[in-house]
1. For the stretch 56-74, indicate whether the set of residues that are at pLDDT below 85, farther than 27 Å from G121 by Cβ and surrounded by fewer than 15 Cβ atoms within 10 Å (Cβ to Cβ) is non-empty.
2. Please verify whether G82 is touching a helix residue (DSSP H, G or I) at 6+ places or on another chain (Cβ under 6 Å) and at pLDDT below 95, treating the condition exactly as stated.
3. Is it true that some residue in the stretch 98-107 is aromatic (F, W, Y), under 19 Å from N165 (Cα atoms) and either more than 16 Å from the chain's Cα centre (by Cα) or crowded, with 19+ Cβ neighbours inside 10 Å (or both)?
4. Which pairs turn up if I take residues in the stretch 137-165 that are in the same structural domain as E57 (by TED's automatic domain parsing) and modelled with pLDDT of 95 or more and look for partners that are part of a loop (DSSP other than H, G, I, E, B) and among the hydroxyl-bearing types (S, T, Y) with beta carbon separation below 6 Å, at least 6 apart in sequence or on another chain?
5. What is the residue count in the stretch 120-160 for residues that are closer than 19 Å to D84 by Cβ and either touching a His at 6+ places or on another chain (Cβ under 9 Å) or not in a loop (DSSP other than H, G, I, E, B) (or both)?
6. What about K89, is it among the basic types (K, R), buried (at least 16 other Cβ atoms within 10 Å of the Cβ) and at pLDDT below 95?
7. Given the conditions (1) more than 19 Å from S37 (Cα to Cα); (2) in contact with a helix residue (DSSP H, G or I) (Cβ under 7 Å, 6 or more places away or on another chain), and given that V134 satisfies all but one, which numbered condition is not satisfied?
8. Does K130 count as touching a strand residue (DSSP E or B) at 6+ places or on another chain (Cβ under 9 Å) and under 16 Å from C60 (Cα atoms)?
Amino acid sequence: MQNYTTLQIQSVAVLVILFLYFLYKLRRFYKKIKDKSLLSRNRTLKKLKRLSWEDFELLCMELFAKQGWRVLGNEKKGADGGVDIWMKKRSLTKKNISAIVQCKRYDDAMVTIKVVREMYGLLHEHNVDKAYIVTTSRFTKECYKFIEGKNMILINGEELVKMIN
């Protein structure tokens, strides 16, 4: 039986620690690549339309967070009452600005006035300052007429791509 010196034992211990550190860094690097943001991976309208509705909501949450909003998703899955995202932001003129967002990931169908009217009702029901409707598609002309003078912002697919890029 061979006796190992203290130096040999310490050398093996250092090698094991270095190996474990290497594995830790490798795992973090892999996770960083794998979890790359939805915004950086989906910069075209075609890619946005391929997202699931859940990923589209997460992408919108990431986008608004980058714009300085404190973003909260909706805890409910499925019927959410028309609100997908709740947001707050500090302002120079007010203490907090609050907003709600409805995300509509459509392939070709246009967002209709019905959706905009429902969101306007929710704006007042939840007593928030702004309401956003974000879509991968477009809005009908009626929608733009309806929101004039109201604290509502419509973001169509082309505008969304510009915001992301």
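The values are calculated or read from the model by the stated rules, or taken from the named source; none is laboratory data. Only a predicted model underlies this, so the values are computations on that prediction, with no experimental measurement involved. Backbone-built Cβ (ideal geometry, glycine too); neighbour counts: all protein chains shown.
1. The answer is no, given that none of the residues of the stretch 56-74 is at pLDDT below 85, farther than 27 Å from G121 by Cβ and surrounded by fewer than 15 Cβ atoms within 10 Å (Cβ to Cβ).
2. yes
3. no
4. S137/Y106; T140/T112; G157/T136; G157/S137
5. 22
6. yes
7. Tallying (1) more than 19 Å from S37 (Cα to Cα); (2) in contact with a helix residue (DSSP H, G or I) (Cβ under 7 Å, 6 or more places away or on another chain), V134 fails exactly one: (1).
8. When the stated conditions are applied, K130 passes them.
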